[in-house]
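To start, the structure itself, in structure tokens.
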Amino acid sequence: MQIITKTRLLYMINSYQFKSTATILSIKPWSNNNNNNNNNNNNLDLRSQNYEIICDQTIFHPQGGGQPFDLGRMKKGTTSFKVTEVRMNEDGTIVKHFGLFEQEQEEKQQEKEQEHSERIEENGLIDFNIGDKVELEIDEQRRRFNARNHSAGHLIDVGISNLNFEIVGVQLKPTKGYHFPDSAYVEYEGVVGADKRERFRQALEQEVNRLVNSRAEVAIEFIDQDKVEQECVMGASIKAERERECRVIRIYPGHAGCPCGGTHVENVQEIGNICVRKVTKVKNSTRVSYSITTTTTTQSNTNTTTN
């Protein structure tokens with residue numbers, strides 16, 4: 001039995017790699033209700049059964065770090081596995097792809113139905129097996145939006161640091177972000193007074209969109225763990241391929257980086273217009289809620305390199 005220790009995270013290197021290849025290390029039936037891991041069920045229906053697949057590497061971003069998971073497909077020959085959910089294991093080392101095999105086209109399905117049934121009874125699985133090399137492809141539009149939305153949250157950190165203290169009225173330190181569509185926000189330690197919030201919101205929106213129009217390049221760096229607290233606005237550690245390194249996003253030149261395992265744009269202009277929707281008090285913190293446009297005319301070139 002092969003011991004799976006770590007998934008290589010290709011999206012940590014290139015957020016715009018939408019296609020790649022990988023080798024299957026584990027494949028088993030999966031139930032959302034009872035986590036059924038029984039590999040010996042001889043009556044599995046390939047077209048309705050959910051599966052969990054683990055590969056040696058992936059371009060699929062799992063849900064976590066305030067960012068939604070990617071959607072897409074794995075393919076081998078004419079067999080297509082639709083990835084409907086992606087999660088990291090508890091210790092953050094292995095990515096699990098959940099989904100189901102897509103039905104054949106109607107005319108092909110009927111003529112192969114008997115053959116499929118026999119192979120299910122014999123092998124339990126069809127076409128996808130441990131050791132197989134498969135093609136990976138993520139939903140490009142979803143990835144681009146998530147990258148833009150996540151980067152917008154980081155740019156808001158920069159915008160706040162640029163504002164005059166008179167406008168903010170308090171020192172704000174970023175604590176967490178939630179970068180989902182329709183409900184994105186960043187939270188900060190410290191509370192902006194109720195009498196200052198609207199002026200703060202307007203000034204922040206103006207500043208972040210000024211930054212967007214600057215067309216600054218976004219930098220991804222891998223630094224030694226010991227330097228994270230010195231060089232970053234947040235001290236959380238996002239491990240890279242080598243244990244002593246941390247992945248840091250510098251969303252804007254001249255500003256502190258932030259440890260992050262998410263996907264990001266290559267140039268802030270790709271984010272597009274940012275709307276600072278509201279500023280609210282949540283316990284002893286300030287929450288800045290924001291949104292971005294669904295699409296933008298400025299996009300980085302598609303990278304489909306396979307590794």
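Taking θ as phi - 60°, what are the ³J(HN,Hα) couplings along the range 146-152 by the Karplus curve (6.51, -1.76, 1.60), each to the nearest whole Hz, with x for Gly and Pro?
The phi angles translate into 4, 5, 5, 5, 5, 5, 4 Hz.
Hey, what's the range 136-196 come to in accessible area per residue, 1.4 Å probe, Å²? Write out the running numbers ahead of the final one.
Details: 2590 Å² over 61 residues.
Dividing the accessible area of the range 136-196 by its residue count gives 42 Å².
For residue 198, tell me the accessible area in Å² from a 1.4 Å probe, rounded to the nearest 10.
Surface open to solvent at residue 198 totals about 90 Å².
Probe 1.4 Å, all protein chains in place: accessible area of residue 56 in Å², nearest 10?
Rounded to the nearest 10, that gives 60 Å².
Once the whole set of protein chains is in place, how much accessible area is left on residue 3, using a 1.4 Å probe, in Å² to the nearest 10?
Approximately 140 Å² for this residue.
The values are calculated or read from the model by the stated rules, or taken from the named source; none is laboratory data. Given the structure is predicted, the values throughout are model-derived calculations rather than measurements. Protein only, heavy atoms only, side chains kept; ligands, DNA and RNA dropped before computing areas. Shrake-Rupley method; radii C 1.70, N 1.55, O 1.52, S 1.80 Å.
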